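The values are calculated or read from the model by the stated rules, or taken from the named source; none is laboratory data. Note that this is a predicted model, so its numbers are computed, not measured. Glycine gets a Cβ as well: all are built from the backbone with ideal geometry, and neighbour counts include every protein chain shown.
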């Protein structure tokens with residue numbers, strides 16, 4: 001799933017930049033502390049600086065692989081072998097870039113203390129330790145993904161596309177994977193409580209019909225030379241996407257309310273979410289068809 005890989009890569013880059021910034025802040029504090037004590041040109045300061053870089057090297061694989069894990073569990077996508085190899089290569093290269101720059105910036109500062117050679121030897125040891133850490137964290141990632149993806153039964157994005165006609169890129173863009181997965185998980189729980197399966201199945205039909213409404217609007221692309229009409233069309237397409245997302249979020253909330261004992265349900269939450277669903281359908285030609293599908297579900301909450 002290339003779109004998912006790109007999403008993870010973008011998140012990882014942001015986290016990497018944040019870790020670099022955290023290291024810069026730590027270095028700034030170290031310099032201020034030793035400058036205040038008139039010890040900026042000291043081996044003690046250099047050792048604290050070294051400790052900051054070691055912390056950075058430990059944090060990178062842990063934080064980046066944590067992102068990989070969370071996103072893949074969310075979208076129910078395993079880690080392919082080619083990506084595993086690519087991640088290992090990129091992380092090892094990142095370790096080398098960090099240490100090479102560290103050596104270039106600080107080797108000369110160790111020379112007056114007669115520690116330049118010891119510094120180079122230490123960075124070599126740090127590199128070896130960092131590479132071991134990268135591989136250990138990768139092993140933990142693979143083990144965790146195998147365990148959690150094998151044990152969970154959340155609906156996968158590919159299945160969401162098959163059921164509703166929402167392509168995986170749109171799912172990512174609208175951030176609707178979680179609420180749809182929640183709906184299916186909650187519906188499984190409702191079925192175990194003997195809630196009418198036909199009523200629940202109608203909800204799926206209502207979502208699919210809502211998607212069809214949006215696709216019909218998207219298909220009505222005006223001629224390219226009609227700038228004003230094209231702009232209006234883009235606004236309509238965007239509104240359809242927002243309406244679809246709102247309906248899904250509201251159905252997720254209503255399913256959560258239906259799972260609660262009747263006396264524990266928040267009627268204000270129920271009414272507000274139903275009102276938002278009606279708002280999302282306002283002005284649509286096929287609104288009545290969608291309401292026919294989801295009204296029985298709302299009726300269950302009223303009784």
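Summary of computed values
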{"item": "Number of positions in segment 105-124 that are more than 23 Å from residue 58 (Cβ to Cβ) and not in a loop (DSSP other than H, G, I, E, B)", "result": "6"}
{"item": "Filtered residue count, segment 176-199, keeping only those that are over 28 Å from the mean Cα position of the chain (by Cα) and either crowded, with 16+ Cβ neighbours inside 10 Å or not assigned by TED's automatic domain parsing to the domain that holds residue 234 (or both)", "result": "2"}
{"item": "Filter result for residue 7 (surrounded by 12 or more Cβ atoms within 10 Å (Cβ to Cβ), within 22 Å of the chain's Cα centre (by Cα) and modelled with pLDDT of 95 or more)", "result": "no"}
{"item": "Boolean, residue 243 is surrounded by 13 or more Cβ atoms within 10 Å (Cβ to Cβ) and either part of a helix (DSSP H, G or I) or not assigned by TED's automatic domain parsing to the domain that holds residue 206 (or both)", "result": "yes"}
{"item": "Per-region count, segment 106-120, residues under 40 Å from the mean Cα position of the chain (by Cα) and either surrounded by fewer than 11 Cβ atoms within 10 Å (Cβ to Cβ) or closer than 14 Å to residue 41 by Cα (or both)", "result": "2"}
{"item": "Unique match (being over 24 Å from residue 5 (Cα atoms), more than 28 Å from the chain's Cα centre (by Cα) and either at pLDDT 85 or above or assigned by TED's automatic domain parsing to the domain that holds residue 251 (or both)) among 230, 209", "result": "230"}
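One line per residue, one yes/no per condition, for (1) in contact with a strand residue (DSSP E or B) (Cβ under 7 Å, 6 or more places away or on another chain); (2) surrounded by 13 or more Cβ atoms within 10 Å (Cβ to Cβ); (3) at pLDDT below 95; (4) not assigned by TED's automatic domain parsing to the domain that holds residue 92:
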residue: 17; (1), (2), (3), (4): no, no, no, no
residue: 36; (1), (2), (3), (4): no, no, yes, no
residue: 49; (1), (2), (3), (4): no, yes, no, no
residue: 52; (1), (2), (3), (4): no, yes, no, no
residue: 55; (1), (2), (3), (4): no, yes, no, no
